[in-house]
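The values are calculated or read from the model by the stated rules, or taken from the named source; none is laboratory data. None of these values were measured; they are calculated from a predicted model. We place every Cβ from the backbone using ideal geometry, glycine too, and count neighbours over all the protein chains shown.
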Amino acid sequence: MDITISEQDGRLVAVLVGDLDNAASTQAERALAPVFDRTDCDVVIDCTELNYISSSGLRIILNVFKHTRSNGHKAILKNLSEDVREVFYLSGFLQLFITEG
Amino acid sequence: MVEGCELRMPDTDVQKNSNKFGFSFTYSYLCSVNNSLSTRLTYRIMAVVLVMMAVIATVVYVMVREYMLDEAKERYQNMLLNTHEELHRHLSNVMVASENNVHDIERDIEQPDMLFEHMERIVKENSDIACSSILFEPGHYPSKGKVFIPCARRDSVGKVIVSRVDSSYHSYFYDEWLDGQLKADRKEWSMAYFESKLFAGNQKQRLLTTYTIPLHTHEGRAVGLLCTDLSLEFLRNEMMEDVNKMNARFKGNFKHQAYSFVIDDKGTYIIHPDEKRMLRDTLDTNAIMAEERGAATAVIDGIPSWLYYRKVQDVGWTMAVVVPNDVILFNGLMLNITILVVMVLGLLAIYLFCRQQIKGIADPFAMQKANLEHELKIANAIQMAMLPKSVNSPSETIDLYAALAPAREVGGDLYDYFMRDNRLYFCIGDVSGKGVPAALMMALVRAMFRSETRRAESAEAIVDTINHNLSEESTAGYFVTMFVGILDLATGHLDYCNAGHEPPFISGRSLDVKVNLPVGAFPEWNYEGQQTQLNPGDMLFVYTDGLTEAMNDSGELLGREFVQQVAREHASDSARQLVELMEAEVRRHAGNAEQSDDITLLAIKWQDLQLSITASMDDIGQLKPFIDNVAQQADIDTKEAKRLRLAVEEAVANVINYGQATTIRLQATTNDNQLVLTIDDDGQPFDPTADSATDFSVPADERPSGGLGIMFLHEMTDGLEYQRIDGHNILRIRKVKK
């Protein structure tokens, strides 16, 4: 699991690369800590290279959503692969997010 | 019949298929055999009889023909002889009568008027003489004119008329002929001729021949001819009568009929059924009728005929009977046709008799056989019931497939397997001999195997005990080649013992085996077990020699080399694929050849698809490579692999998070149709299948994470089974292959 965070066009972009599974969840939570430090912008979660996500991964993404919403901002899922989209869809989380691409 | 059992698939249709050829097939086959047997036998008998009859008919035909010809010759010659005697008698009578009167006539020759009396007497005294006359040289009696012919003749009613033939009976030819005859001065018969109209008057002109004797003056000069006429009408009548009699013999309406004729020495017809041809036509038969009498074949008037002839003395004529070939052979032909008809009827009778009799013999035979077949069918069902059943087998952790095809209704092959302590006990065996005795032995050995595996801990011990027990049972010289193995599914360790059986293949490699002796052969034999280690994915293929010794029509064996090649090339197939492929190869090789020996095939694929982790998130990372490996071996695509991974991960995470377990063991098994992944943990009892619904009424962001996992577990799999056994949660995740 590889997570990089950058700021683009006034939005915070977190690029998730690899598998967001139970094994990676602790590491992922740490890597996403900077997102929770910011309260002034929308957050884009770039899933272009996200291969896999489990319920623990969903929980982390859900926390990002809760954080941005509490600040009056939006959380955007970008480029969901078919497999990952299915997981989001089945969990019902897909309707919470704005999706791009 | 092929009995296949599959461990992993309780809903397999193999067993249903195995009974597809059932008794009905066997019975109808039996009936057809029976029918064809009686038909074949009947036709063979018919063929022999037919040949015999043909020979008999030919011989009879030839003999009858010879007989008919001989008989005809005899008959016609006798006929001719009779006629000849008759003719000869008449001729002699005429000759003798004439000659007896010559002296008296010559005495009175100077008194012409006296001669009328002589003529009258000759005719009166000799019934054979139709007419008697004397022809004198012209002008012999000056007082009587140029022509003087005293004559006496019998008219048609038998009255004798004496007359002087008047001068009109005179011609140039007559003078010359008379002159020649007088000069020749000899007695002779004239050619046949028709009576002069002059004499015949209104009567039918008779066929005559005349005996001429020169008459001399007292000085000895020939001056006249005494002519006595013999009517040949009797001969015509007689011959016509004979011919009529002859033809009456044949009832057939023939195109040509038999007839007889007389010809003179020049070949001119004297007598012929066709009066118009008489004295006109000639037949050149001198060459054919060269003998005094005989038989010859000739084409007469275009008709191939047999000719029977006899020469007539004194006159130089030949009498003959002509019988067309088809007439003479008619009776022979009829006889032959009769014989043939009788033969055909006889043949028909033999045919019907054979059909009836052979069917009569075959029917009880068939009934008996059908009864036996029925019992064998039951025996087959019982025997098949002795083979392992896959339903609810505890051995759902290995890919195994087996097939047994007996050469007869019951066979002497056996195989068995079952699971104990995560170990697979299996055996394959081949009883010497076939049929019912072998089947009983098979049942005995299989029962011994079952009972021994409950106690014995090694393959060697199992074989040893079976051998000992069999020897005790005193099994009349029957012995069994066996291969017994114990496969530890956790480690892939194989403990085995080979008792005279063909070495199995491990992924196409021949397994090293000690030969030992077949069980039941020698009670004191010490069997020696062996060990080997299987690699993950190894395919163990065990079989009986019916496979390698499967023969085609030309007697060629399938061969161990070929089997090894198939086992090697298809080691990565599933167990079922390999077994079915081998079966197909046997069918292909054998073609129409009958299966001569039982064939049993057992394929076991050991897959090291297991993982043991401590119940901690620290170890959960091992799931990904494990699932990847399982997916690869099970031939599952990436998308489905991810879904499986999600299901397994959620289940395992659940156990780690809530179960208070120490160890989690995962094991996967695949076959053609599905993948089963078993998760075994020693934590608190928890049945994820009971908590099947995720509460969607709660907003998604407020749902507990664990419930989400269970929802995924259901969504991502094709079946879940939960069992609580010995303080363990056993969860089976089933994924059907697409």
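Points worth noting:
- Residues satisfying the stated conditions in the range B:274-292, i.e. surrounded by 16 or more Cβ atoms within 10 Å (Cβ to Cβ) and more than 22 Å from B:Asn244 (Cα to Cα): B:Leu279, B:Leu283, B:Thr285, B:Ile288, B:Met289
- For the range B:276-331, no strands (runs of 3 or more DSSP E) sit wholly inside it while including 1 or more residues that are modelled with pLDDT under 85 and in the same structural domain as B:Tyr211 (by TED's automatic domain parsing).
- Qualifying residue in the range B:288-303 (condition: out of contact with any Gly (no Cβ under 6 Å at 6 or more places or on another chain), among the hydroxyl-bearing types (Ser, Thr, Tyr) and within 22 Å of B:Ala192 (Cα to Cα)): no
- Helices (runs of 4 or more DSSP H) completely within the range B:536-655 that count 2 or more residues being free of Cβ contacts under 8 Å to residues at least 60 places away in the same chain and over 39 Å from the mean Cα position of the chain (by Cα): B:560-569, B:623-633, B:638-654
To keep it simple, each residue is scored yes or no on (1) within 18 Å of B:Asp619 (Cβ to Cβ); (2) at pLDDT below 90.
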| residue | (1), (2) |
| --- | --- |
| B:Gly659 | yes, yes |
| B:Thr662 | yes, no |
| B:Gln667 | yes, yes |
| B:Asn673 | no, yes |
| B:Asp687 | no, yes |
| B:Ala693 | no, yes |
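- The number of residues in the range A:65-97 being under 18 Å from A:Asp19 (Cα atoms) and away from every other protein chain (no Cβ under 11 Å) comes to 5.
- Residue selected from the range A:47-63 under the condition away from chain B (no Cβ under 11 Å) and out of contact with any Asp or Glu (no Cβ under 9 Å at 6 or more places or on another chain), by the criterion surrounded by the fewest Cβ atoms within 10 Å (Cβ to Cβ): A:Thr48
- B:Thr83 vs. criteria hydroxyl-bearing (Ser, Thr, Tyr), under 19 Å from B:Val344 (Cα atoms), crowded, with 17+ Cβ neighbours inside 10 Å and modelled with pLDDT under 90: no
- Residue in the range B:227-235 that is touching an Asp or Glu at 6+ places or on another chain (Cβ under 9 Å), in a helix (DSSP H, G or I) and modelled with pLDDT of 80 or more present: yes
- Within the range B:611-632, considering residues that are away from every other protein chain (no Cβ under 13 Å) and surrounded by fewer than 20 Cβ atoms within 10 Å (Cβ to Cβ), the one modelled with the highest pLDDT: B:Thr614
- Residue match in the range B:306-323 (condition: in contact with a strand residue (DSSP E or B) (Cβ under 8 Å, 6 or more places away or on another chain) and over 30 Å from B:Glu188 (Cα atoms)): yes
- The numbered conditions (1) closer than 29 Å to B:Asn673 by Cβ; (2) modelled with pLDDT of 85 or more; (3) under 56 Å from the mean Cα position of the chain (by Cα); (4) polar (S, T, N, Q) are all true for B:Ser451 except (1).
- Flag for B:Ala490 being over 50 Å from the mean Cα position of the chain (by Cα) and closer than 30 Å to B:Arg665 by Cα: yes
- All of B:Ala653, B:Ala571 fail the test of being within 14 Å of chain A (Cβ to nearest Cβ) and within 26 Å of B:Ala490 (Cα to Cα), apart from B:Ala653.
- The lone criterion from (1) surrounded by fewer than 23 Cβ atoms within 10 Å (Cβ to Cβ); (2) not in a strand (DSSP E or B) left unmet by B:Met239 is number (1).
- Looking only at the range A:1-44, and only at residues there that are part of a loop (DSSP other than H, G, I, E, B) and surrounded by 13 or more Cβ atoms within 10 Å (Cβ to Cβ), the one that is nearest to the other protein chains (Cβ to nearest Cβ): A:Asp21
- Qualifying positions in the range B:400-436 - within 15 Å of B:Glu457 (Cα to Cα) and among the charged types (D, E, K, R): B:Arg420, B:Asp421, B:Arg423
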